[in-house]
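All remarks here apply to the structure that follows.
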Amino acid sequence: MTHRFETVDAVREGLRSVDYLADESIAGVAYLADRLAKPVLVEGPAGTGKTQLAKSVAEMSGSRLIRLQCYEGIDEAKALYEWNYKKQLLRIQVEKGDEDASWTEIKDDIFSDEFLLPRPLMEAITADDPVVLLIDEVDRVELETEALLLEILSDYQVSIPELGTIEAKQIPLVFLTSNNTRELSEALKRRCLFLHIDYPEMDREKEIVLTKVPDISEKLADQVARIVRSVRQLELKKHPSVSETLDWARTLVLLGIDHIDEKDAIDTVNILLKYRSDIDKAIKEFSSNSPAHFEETSA
Ligand SMILES: Nc1ncnc2c1ncn2[C@@H]1O[C@H](COP(=O)(O)OP(=O)(O)O)[C@@H](O)[C@H]1O
Ligand SMILES: [Mg+2]
């Protein structure tokens, strides 16, 4: 069996080459997932790069990304496959005109490959080319649907009553993401490698900002990362995510700010935080901690 990645470092470098900054544990789990042919369950707060990780792994390994976006009420027909009823009906009408066609013949005909509409899970399993399967926000599906996922991720096969069992041509690299709105079943967790992605350390967040925000100075990226870290230490309803850090940094660059002073921070904090009460707390923090946040450093 061939592997996608040679070493953990190669994963990290590969991800960096597509602008995803991974730490040791992220790169390590992606490496193991490939070696052990196991799905990865990625959990953590919103906006910390869970979805992006799967996309970036696909990009760096030259695999096709197939995404199943989960939502409440998603069922087998949307996740796995469904029959193309319209096309089946049309065929029945045509064949009924033919006196020789028996019902059994018609049935065999309309429940064949030709009338099957593959959905993401089936598409991933039957693909010939290398695939990364992203099952995004899996915590939104009902428990029964979770069981369906488990079945597919355990056996890498699908049984279709009318057609028989379809086996995987290859084992795709699978990432499931969860924002933890509910506990997932023990069975699903057991099947997966587990990766918790938290807010990045200050240095990694600075690197992410430097990578993703064109024309930002190192000094400003450093200050942004420092201030965001201190804001995350406050008791807030919703902490700023990496996407919000990036939005804030882009805003500052657009405004031509190269060094954030207290007024700049207060004027733009609504990019970072989305609740009135959180904004008030941050403003209080900026006012009381000004020297530490806003002094010019020699970085
Ligand atoms: N480690 C990282 N390296 C580069 N960009 C990142 C990283 N983590 C997060 N981001 C940025 O943050 C954005 C939000 O990430 P996303 O994957 O959508 O979050 P999640 O799925 O965890 O809610 C991404 O589009 C990406 O630009
Ligand atoms: Mg996501």
- [ ] Could you list all residues from region 233-276 that are more than 16 Å from ligand 1 (Cβ to nearest atom) and either among the hydroxyl-bearing types (Ser, Thr, Tyr) or touching a residue at least 40 places away in the same chain (Cβ under 8 Å) (or both)?
- [x] Leu234, Glu235, Leu236, Lys237, Asp258, His259, Ile260, Thr268, Leu273, Tyr275
- [ ] Take Tyr20 and decide whether it is crowded, with 16+ Cβ neighbours inside 10 Å, out of contact with any Leu (no Cβ under 8 Å at 6 or more places or on another chain) and of a type outside the set (D, E, K, R).
- [x] no
Task: Filter result (under 19 Å from Val57 (Cβ atoms) and either within 16 Å of ligand 1 (Cβ to nearest atom) or not assigned by TED's automatic domain parsing to the domain that holds Leu68 (or both)) within region 156-192 - done: Val174, Phe175, Leu176, Thr177, Ser178
Open item on the list: Please pick out the residue among Leu15, Leu53 that is aliphatic (A, V, I, L, M), more than 16 Å from ligand 2 (Cβ to nearest atom), in contact with a Ser or Thr (Cβ under 9 Å, 6 or more places away or on another chain) and not in a loop (DSSP other than H, G, I, E, B).
Closed with: Leu15
Task: Which listed residue is over 28 Å from Glu144 (Cβ atoms), away from ligand 1 (no atom under 16 Å from the Cβ) and among the hydroxyl-bearing types (Ser, Thr, Tyr), from Ser25, Ser63, Ser17, Ser56 - done: Ser63
Task: Pairs where the first residue, in region 81-98, is farther than 25 Å from Ser159 by Cα and the second is exposed (fewer than 15 other Cβ atoms within 10 Å of the Cβ), C-beta under 9 Å, 6+ apart - done: Glu95/Ala101; Glu95/Glu105
Open item on the list: For the structure I just gave you, tell me whether Arg35 is more than 16 Å from ligand 1 (Cβ to nearest atom), touching a helix residue (DSSP H, G or I) at 6+ places or on another chain (Cβ under 7 Å) and either basic (Lys, Arg) or touching a residue at least 24 places away in the same chain (Cβ under 8 Å) (or both).
Closed with: no
- [ ] Return yes when Leu234 is farther than 29 Å from Leu176 by Cβ, among the aliphatic types (A, V, I, L, M), assigned to a helix (DSSP H, G or I) and in contact with a helix residue (DSSP H, G or I) (Cβ under 8 Å, 6 or more places away or on another chain) and no when it is not.
- [x] no
Task: Complete set of residues in region 54-68 that are surrounded by 14 or more Cβ atoms within 10 Å (Cβ to Cβ) and not hydrophobic (A, V, I, L, M, F, W, C) - done: Lys55, Ser56, Glu59, Ser61, Ser63, Arg64, Arg67
- [ ] Please indicate, with yes or no, whether at least one residue in region 104-112 is buried (at least 16 other Cβ atoms within 10 Å of the Cβ) and not β-branched (Val, Ile, Thr).
- [x] yes
Task: Complete set of residues in region 213-265 that are surrounded by 15 or more Cβ atoms within 10 Å (Cβ to Cβ), closer than 17 Å to Lys281 by Cα and hydrophobic (A, V, I, L, M, F, W, C) - done: Ile227, Val228, Val231, Leu236, Ala265
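The values are calculated or read from the model by the stated rules, or taken from the named source; none is laboratory data. The structure displayed is predicted, hence computed values, not measured ones. Neighbour counts are summed over all protein chains in view; Cβ atoms, including those assigned to glycine, are modelled from backbone coordinates with ideal geometry.
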